[in-house]
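What follows is one structure encoded as structure tokens, with my remarks underneath.
The values are calculated or read from the model by the stated rules, or taken from the named source; none is laboratory data. Keep in mind the model is a prediction, meaning the values are calculated, not measured. Here the Cβ is made from the backbone with ideal geometry for all residues, glycine too, and neighbour counts use every protein chain on show.
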Amino acid sequence: MSLELKGIEKKIGEETHIYSTDLKFEKNTINVLLGSTLAGKTTLMQIMAGLDKPTKGEIWFNDQNVTGVKVQKRNVSMVYQQFINYPNFTVKQNIASPLKITGIDNQEIDQRVSKVADLLKLTPMLDKKPNELSGGQQQRTALARALVKDSDLILLDEPLANLDFKLREELREELPKLFKDRDCIVVYATTEPSDALLIGGYTATLLEGKVIQHGKTLEVYNKPNNLDSAKVFSDPPMNIANINKKGEICSLLADNVTWKTNLNLRDGNYKVGIRPHNITTYKEGKNSIEISGKVLISELSGSESMIHFTNGDLNWVSLSEGIHQKDVGEETKLFMNSDEFLYFDNNDRLVGNV
Amino acid sequence: MNKTVNQKAWFFVIPVFVLVAFNAIIPLMTVVNYAFQETFGNNQFMWEGTRWFKQILVSERFHAALGRQVLFTLIILVIQIPLGIFIALNMPKEGIGVPICLVLMSMPLLIPWNVVGAMWNIFALPDIGFLGHSLNAMGFDYNFTQQSGDAWFTTILMDVWHWTSLVVLLSYAGLRSIQPAYYQAAEIDGATRWAVFRHIELPKMKKVLTIAILLRFMDSFMIYTEPFVLTGGGPGNATAFLSIDLVKMALGQFDLGPAAAMSLIYFFIVLTVCWVFYNLMMRNESKS
């Protein structure tokens, strides 16, 4: 079983929503589509589902061309950002709704519904209507509707975006377990890099209607093949600084911070991408580099401190564990872990990471 | 924190109170005043107690007018609500058709009520009116000024023309607020068109439909201007709905006492029905 997009393109009028895209998703995998709003995640999913037709290109499922085959004939489930349930059905009827049309006998429907309800902790709410439930429970119901039929393809379009923080954390941890041991392909669209890391599997990074990179989630994260992919897969945003390399010495162009590298690169100017959590108030890693800056904002959240500071003409973001109170305007010292630097050339392609 | 008592806020209520007093409370109390007394010339009044109320409640004339009124309102609701929903479902959802349809739909609502009556009066005249003449040319014996069936037909047609748009606009607004994802989910489930209507569109339109039914009930139950201009309540008393009958009694016969009692009963009926209906709908809302 596999889902393959071959040269998919989507234009609405003169506007291109999806540029020529090739993607292949294998059986029993979870695939994350990661990109900001309007990156084309939803459009791509609707094309995969058969809810929308591509302007160009073909969709193959199980080595069959299914381009233009309607969604009803494709055995697809979809969960949306909004909690989509039938408003006048009870939770039980809602979960059963995708099965009703298939002609499965009622006894089996009941069996399957109670199994899925159990899995999603909905059993006590089976006789309630969706608007009597909390947002989290409503989305669980929608998930149950998607899981109850044995779909070949389950599409989740930012399913956690409308939930509050706690419910989101809770459901996010359950999601990978729900799809384990299922004979299907799961596609999960999200704007949050942390979702992708937690869910694992494979990730495709999207930017403005283009798939930039597709591969195993950790590989995409650790080795973004270009700057855009790295930016998409970094939250808070990645720090990008221009550097000069001469011999084994690298230096920031805007400041006199220098460090040694053993990268085998030609001398010249490069860009370095530094994730916020690799700039900290304490030393980390063997090759820690000191950088000084003037504090712009310092945000404390639970067990983390995010410090925005300026150095040279750049605004930097750092993310340290623990509570580190800094005053606005304070001159401060921070440490960059140069082991985690990503080096890009002038065409924004990744040329090296240590 | 210490809260200090400050009653000055009541001053802000005074303008509203004065306004409501002039447009509702004082006129209503005048009517109440008339309803319990016999009125003679020179502003002489005699206490009559509940006599007028008893008289109205058993009067055949009131029963007949109420019967006509209830029948009219029922027919109006049965035609306009489904028709309005049907038109709303078939209206375009995007493109140039949307503003065109919306403007077309709003037109009847913008025409003054007496103009609507006059328009339809001329339109339906059997000799020179387009509708009346055409119907007669087609072989129907149509004359709304003489045959009560025709008068009813014309009045209902006029009201449908005038007010269905309101139901359409409300339903359309309700439909447009349904997120496209609902339709997609239904498509994935393989739901039929009817199931989409029954299980998505109708429940999602419930609130606006409640408003539509309430408004259409109130307006049609209190209808006066259009039938007054169109038929004047005739032929005979065939289209003399409650308000037309009331005006006849009050200003035609100058029976101020019974007319005042009748208006209070009339007012009470409208209020009760609206209250019961609203509460029923809202209770269902909180239950489901």
List every residue pair whose Cβ atoms lie under 8 Å apart, where the two residues are 6 or more positions apart in sequence or sit on different chains, the first residue falls within the range A:129-155 and is not assigned by TED's automatic domain parsing to the domain that holds A:ARG112, and the second residue, located anywhere, is surrounded by fewer than 24 Cβ atoms within 10 Å (Cβ to Cβ) and modelled with pLDDT of 90 or more. none
Quick one: count up the residues across the range A:203-220 that are over 10 Å from the mean Cα position of the chain (by Cα) and either part of a strand (DSSP E or B) or closer than 22 Å to A:GLU9 by Cα (or both). 10
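Okay, residues lined up against (1) under 29 Å from B:GLN253 (Cα atoms); (2) in contact with an Asp or Glu (Cβ under 9 Å, 6 or more places away or on another chain):
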| site | (1), (2) |
| --- | --- |
| B:ASN2 | no, no |
| B:VAL5 | no, no |
| B:PHE12 | no, no |
| B:PRO27 | yes, no |
| B:THR30 | yes, no |
| B:GLU38 | yes, yes |
| B:MET46 | yes, yes |
| B:GLY49 | yes, no |
| B:TRP52 | yes, yes |
Just to be sure, is B:ASN136 at pLDDT 90 or above, of a type outside the set (A, V, I, L, M), more than 27 Å from B:VAL270 (Cβ to Cβ) and surrounded by 14 or more Cβ atoms within 10 Å (Cβ to Cβ)? yes
On the given criteria, is B:ALA118 away from every other protein chain (no Cβ under 13 Å), part of a helix (DSSP H, G or I), out of contact with any strand residue (DSSP E or B) (no Cβ under 6 Å at 6 or more places or on another chain) and of a type in the set (Gly, Ala, Ser)? yes
Does the range B:63-70 contain any residue that is touching a residue at least 24 places away in the same chain (Cβ under 8 Å) and loosely packed, with under 14 Cβ neighbours inside 10 Å? yes
Only one of B:ALA186, B:ALA181 is in a helix (DSSP H, G or I), within 14 Å of chain A (Cβ to nearest Cβ), out of contact with any helix residue (DSSP H, G or I) (no Cβ under 8 Å at 6 or more places or on another chain) and surrounded by 15 or more Cβ atoms within 10 Å (Cβ to Cβ); which? B:ALA181
Of the listed residues (B:LEU230, B:LEU215), the one being in contact (Cβ under 8 Å) with a residue 40 or more places away in the chain, away from every other protein chain (no Cβ under 14 Å) and buried (at least 21 other Cβ atoms within 10 Å of the Cβ) is B:LEU230
What are the residues in the range A:80-137 that are more than 18 Å from B:VAL196 (Cβ to Cβ), at the interface with chain B (Cβ under 10 Å from one of its Cβ atoms) and aliphatic (A, V, I, L, M), if any? none
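Per-residue answers, yes or no, for (1) outside any loop (DSSP other than H, G, I, E, B); (2) more than 22 Å from A:LEU197 (Cα to Cα):
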position: A:LYS115; (1), (2): yes, yes
position: A:ALA146; (1), (2): yes, yes
position: A:ASN162; (1), (2): no, no
position: A:ARG172; (1), (2): yes, no
Which ones in the range B:233-245 are buried (at least 21 other Cβ atoms within 10 Å of the Cβ) and among the hydrophobic types (A, V, I, L, M, F, W, C)? B:ALA240, B:PHE241, B:LEU242, B:ILE244
